[in-house]
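These notes are about the structure you will find just below.
The values are calculated or read from the model by the stated rules, or taken from the named source; none is laboratory data. Remember, predicted model here, so these are calculated numbers, not experimental data. Positions of Cβ are backbone-derived with ideal geometry, glycine not excepted, and every protein chain shown enters the neighbour counts. Heavy atoms of the whole protein, side chains included, go into the accessibility calculation; ligands, DNA and RNA do not. Shrake-Rupley method; radii C 1.70, N 1.55, O 1.52, S 1.80 Å.
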Amino acid sequence: MELDAFNQLSADEAQAAIRHCVAIPHWQQSLVAARPFATTGALLATADALARQWQQPELEAALSAHPRIGERANGADKESVLSRGEQSAMQQADHALQEAMQKGNQAYEARFGRVFLIRAKGRSGEQMLAELQRRLQNSEVTEQQEALDQLREITLLRLKETIQ
């Protein structure tokens, strides 16, 4: 979608246009309310600034829409389609790597009580597994911040791909 078209949508239409970027309605509403944007750079800067305010409640809300790494997202909605594309490296990984990721996911969830989140786009299955194993050593506070950073990266990538 062109930036000018996004700027001209009604608030409901604009929110619907970016809903797939992250399951945090307040972020969506705040970004829509900040329109019009003169450039995509201004849009992304505002989106980033809003995302840097996220804390534990926003992380929990967003994780409700993210499948585990290595699990295929079901559905035909835009977020599921994006997730399948973003995680294609893990979907194409060999059985041993997929099994190691599944065990890593279980260990992560047992340790932190939430789904492991990583920007999968541009990473190999091996890189994602290595990051999971590294992050298992994090403290709760450090890991929450890393998960929020990854969520922000995912969100901004999706927004950048949506509005040009």
Requested in this report: Could you run through the range 32-55 and say how many residues are in a helix (DSSP H, G or I) and more than 29 Å from E140 (Cβ to Cβ)?
Outcome: 9
Query raised in the report: Any residue in the range 116-125 that is open to solvent by less than 20 Å² (accessible area, probe 1.4 Å), modelled with pLDDT of 90 or more, in a helix (DSSP H, G or I) and hydrophobic (A, V, I, L, M, F, W, C)?
Result: no
Query raised in the report: Which one of these does A96 not meet: (1) surrounded by 13 or more Cβ atoms within 10 Å (Cβ to Cβ); (2) at pLDDT 85 or above?
Result: (1)
**Report entry** Top-ranked residue of the range 34-90 - restricted to ones that are loosely packed, with under 15 Cβ neighbours inside 10 Å and polar (S, T, N, Q), ranked as modelled with the lowest pLDDT
**Finding:** N74
Query raised in the report: Within the set of pairs 6+ apart or on separate chains, which have a first residue in the range 55-70 that is over 15 Å from W27 (Cα atoms), a second that is in a helix (DSSP H, G or I) and open to solvent by 80 Å² or more (accessible area, probe 1.4 Å), and C-beta atoms under 9 Å apart?
Result: R68/Q102; G70/Q102
Query raised in the report: Name the residues in the range 135-164 that are of a type in the set (S, T, Y) and free of Cβ contacts under 8 Å to residues at least 40 places away in the same chain, would you?
Result: S139, T142
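Going through the range 1-27 one residue at a time, which ones are outside any helix (DSSP H, G or I) and either surrounded by 12 or more Cβ atoms within 10 Å (Cβ to Cβ) or touching a Ser or Thr at 6+ places or on another chain (Cβ under 6 Å) (or both)? Before you say what the answer is, go through the steps one by one.
So in the range 1-27, the residues outside any helix (DSSP H, G or I) come out as 1-2, 9-10, 22-24.
Of everything in the range 1-27, those that are outside any helix (DSSP H, G or I) and either surrounded by 12 or more Cβ atoms within 10 Å (Cβ to Cβ) or touching a Ser or Thr at 6+ places or on another chain (Cβ under 6 Å) (or both) turn out to be M1, L9, V22, A23, I24.
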Requested in this report: Scan the range 126-151 residue by residue and report those that are open to solvent by 80 Å² or more (accessible area, probe 1.4 Å), of a type in the set (S, T, N, Q) and over 18 Å from the mean Cα position of the chain (by Cα).
Outcome: Q133, Q137
**Report entry** Close pairs (6 angstrom Cβ cut-off, 6 or more residues apart or separate chains): farther than 14 Å from R68 by Cβ and small (G, A, S) in the range 108-127, assigned to a helix (DSSP H, G or I) and open to solvent by 20 Å² or more (accessible area, probe 1.4 Å) anywhere
**Finding:** S124/A89
Report task. Could you run through the range 126-164 and say how many residues are in a loop (DSSP other than H, G, I, E, B) and closer than 23 Å to A16 by Cα? Result -> 2
